[in-house]
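The values are calculated or read from the model by the stated rules, or taken from the named source; none is laboratory data. Bear in mind that the values here come from a model prediction, so they are computed numbers and not experimental data. Cβ coordinates were reconstructed from backbone atoms using ideal geometry, including for glycine residues, and neighbour counts include every protein chain displayed.
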Amino acid sequence: MNPSMEASEEPVSNMQGPIDYERIEDATGGDREFLEELVEIFLTDASERVEELKDALSRGEAETFSRTAHKLKGSSANMGAVRLTDIARDMENLGKTSSLNGAEALMEPLQEELVRVRETLQQMLN
């Protein structure tokens, strides 16, 4: 259980929040300093990846779009950002078809979920 959770709160596995705290705990071993570093790197990288996805989409570069989504999927999975990982996976698969039909419709949910993830991670650190 996340140490910052109140005893009355549901376990993370039963929550529909944007972060799987067990995944982060496994990755950091409970090292707060390491967690802060990972969060900072992840949030910077994820924001850059979103911009790269927008650029690839606007240029119609399906391969670049897929490759960028793959990178975002991996870093999101490592941070326990479950829904963000799923959206990035869908984007990656779409890019692999060499068609970006429907990709634009995934950008808004991706960006909204990144905001949720960012807020959750920042709250976790406070």
Inset, instruction - Residue by residue through region 22-51, note down the ones that are of a type in the set (Gly, Ala, Ser) and either crowded, with 17+ Cβ neighbours inside 10 Å or at pLDDT below 95 (or both). - result: Ala27, Gly29, Gly30, Ala46
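Per-residue answers, yes or no, for (1) crowded, with 22+ Cβ neighbours inside 10 Å; (2) touching a Lys or Arg at 6+ places or on another chain (Cβ under 9 Å):
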site: Leu53; (1), (2): yes, no
site: Glu63; (1), (2): no, yes
site: Lys71; (1), (2): no, yes
site: Ser75; (1), (2): no, yes
site: Asp86; (1), (2): no, yes
site: Glu92; (1), (2): no, yes
site: Ser98; (1), (2): no, no
Inset, instruction - Report yes if some residue within region 115-126 is of a type in the set (Ser, Thr, Tyr) and either surrounded by 17 or more Cβ atoms within 10 Å (Cβ to Cβ) or assigned to a helix (DSSP H, G or I) (or both); otherwise report no. - result: yes
Inset, instruction - Go through Val39, Val50, Val117 for me and flag whichever is of a type in the set (A, V, I, L, M, F, W, C) and in contact with a Pro (Cβ under 9 Å, 6 or more places away or on another chain). - result: Val117
Inset, instruction - Look at region 72-126 and say how many of its residues are in contact (Cβ under 8 Å) with a residue 60 or more places away in the chain, β-branched (Val, Ile, Thr) and out of contact with any strand residue (DSSP E or B) (no Cβ under 7 Å at 6 or more places or on another chain). - result: 1
